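The values are calculated or read from the model by the stated rules, or taken from the named source; none is laboratory data. Just so you know, these numbers come straight off a predicted model, no measurement behind them. Methodologically, a virtual Cβ is constructed for each residue, glycine included, from the backbone with ideal geometry; neighbour enumeration extends over all protein chains shown. Side chains included, ligands, DNA and RNA excluded: accessible areas come from the protein's heavy atoms. Shrake-Rupley method; radii C 1.70, N 1.55, O 1.52, S 1.80 Å.
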Amino acid sequence: MYHPDGETLLNRLANVTKFDNFNEEEIIRFLNNHPAEGIILRAPAKITPAILDACQHVKAISGAGVGLDNIDVTYATKKGIKILHAPKLNSQATAEHAVSLILATMKNLVAFHQETKQGNYHYRDGKYTLEVHRKKLGLIGFGTIAQKVAKIMKHGFDMDVIAYVRNIYPERQEIADTIGANLTTSMEEVFRESDVISLHIPLTDETSEIIDRNYFNLMKPSAVLINTSRGGIIQENDLADALKKRKFLRAGMDVFAIEPPSPNHPFFELEEVIVTPHIGGISEEAAKTTSTVIVNNLLKVLNGEKVPTIANEEQLRGTDAF
């Protein structure tokens with residue numbers, strides 16, 4: 001789990017078997033021989049249909065955060081298994097990490113850091129950083145994390161904020177008005193006009209590799225791209241190719257399509273990409289809160305209580321699960 005406090009609490013309240021490495025066959029063998037009632041998983045572990053077929057006694061499965069792309073929710077619902085997640089608990093941490101990557105890419109911090117430590121002080125000669133002040137921030141998605149990023153950059157750096165949403169609902173418009181952001185249903189507009197683009201959409205069948213060369217070709221040569229959502233929403237080879245061709249300036253990536261990434265991942269050979277190992281939501285504060293909430297909510301569900309974080313509750317209504 002994300003924090004030892006969660007594991008300590010879980011071990012105190014339940015009989016726990018921990019798998020340090022994801023091995024589908026080993027997990028299936030365990031489930032076939034033990035009456036496990038609940039499962040908690042953290043990426044890169046996955047809950048596949050084969051694992052779900054072995055969940056004869058499992059009542060609930062909980063992810064370790066807001067994302068559920070590593071769980072076959074549809075098949076789990078058919079099995080009558082409740083799927084829990086932990087939305088919004090790490091939104092502040094993730095928003096702060098997105099802001100950190102924005103500043104790091106605009107200021108080219110990693111390259112300056114590395115060259116200075118190697119004694120190449122004159123690496124600075126002829127090079128300039130970029131200010132975010134009064135530039136345009138484009139958000140793809142306008143959920144809780146994106147809204148926090150918008151507030152920080154709007155009120156801290158006086159950025160002009162535009163956010164792509166599929167539909168402009170009155171409630172969403174009201175939030176945007178409060179922050180001072182503009183909403184649009186055109187993703188092309190965001191990519192074409194923004195100096196900083198930050199991605200905040202979930203990974204689904206519809207969004208898989210949706211950010212590709214067609215959008216990179218629209219970007220300003222001085223723009224930067226930030227992703228703290230899911231790596232699978234980007235066509236990674238297209239992104240690497242766009243940077244090589246100087247279609248835009250830099251990228252800050254906290255996530256990869258496959259995690260952990262291979263040693264020869266195309267991002268690793270590019271100075272223009274700053275990478276971090278999917279740590280956006282793992283602040284000390286968020287990790288501690290998230291891990292303990294996950295434990296408490298899962299145990300409540302196993303005891304027959306209702307919690308507000310059952311992701312497939314609506315789909316389960318009318319079945320024996322509710």
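Surface analysis of the range 151-219 yields an accessible area of 53 Å² per residue, using protein heavy atoms and a 1.4 Å probe. Where a ≥ b ≥ c are the square roots of the eigenvalues of the C-alpha gyration tensor, would you call the range 170-226 rounded, which needs a/c under 1.5, or, failing that, prolate if a/b is larger than b/c, or oblate? Since a/c reaches 1.5 but b/c is at least a/b, the shape of the range 170-226 is classed as oblate.
With the whole protein complex present, residue 265 retains an accessible surface near 20 Å², based on a 1.4 Å probe. By a 1.4 Å probe calculation restricted to protein chains, residue 112 has an accessible surface near 50 Å², given to the nearest 10.
Roughly how many percent of the accessible protein surface of the chain is carbon and sulfur, given a 1.4 Å probe and a whole-percent answer? C and S atoms contribute 48 percent here. Each of residue 166 and residue 184 was given a label point 7 Å from its Cα along the Cα-to-Cβ line. The distance between the two points is 2.0 nm. Run the numbers on the range 138-213 and let me know its relative contact order in percent, using alpha-carbon pairs under 8 Å that are six or more apart. The value is 41 percent.
Hydrodynamic radius of the chain by the Kirkwood approach over all distinct alpha-carbon pairs: 21.2 Å.
Could you order 172, 250 so the one with the most accessible surface comes first? Probe is 1.4 Å.
Final ranking, largest accessible area leading: 172, 250.
Would you mind getting me the FRET efficiency between residue 213 and residue 127? Use the beta-carbon distance for r and R0 = 22 Å, nearest 0.05. According to the calculation, E is roughly 0.20. Report summary: the helix-based calculation at 222 nm, which adds -39500 (n - 2.57) for every DSSP H run with n ≥ 4 and divides by the residues of the chain, gives -11000 deg cm²/dmol.
Other residues within the sphere of radius under 13 Å centred on the Cβ of residue 91, judged by their own Cβ, net out at +1 (K and R +1, D and E -1).
Kindly provide the pair-distance distribution of the range 121-178 built from C-alpha pairs, with 5 Å bins from 0 and whole-percent values in order of increasing distance. Bins of 5 Å from zero give 4, 17, 25, 18, 11, 8, 7, 5, 3, 2, 0 percent of pairs. Bridges between two residues of the chain, per DSSP, are antiparallel at a rate of about 5%. Legend: residues 276, 17, sorted from most to least accessible area (1.4 Å probe; ligands, DNA and RNA excluded), read 17, 276.
Of the residues 121, 128, ranked by 1.4 Å probe accessible area with the largest first, the sequence reads 128, 121. Taking a ≥ b ≥ c as the square roots of the eigenvalues of the alpha carbon gyration tensor, the range 171-322 is prolate, as a/c is not under 1.5 and a/b beats b/c. Given a 1.4 Å probe and the protein chains as shown, residue 77 ends up with an accessible area of around 20 Å². Projected over all directions and averaged, the alpha-carbon convex hull of the range 77-158 occupies 8.7 nm².
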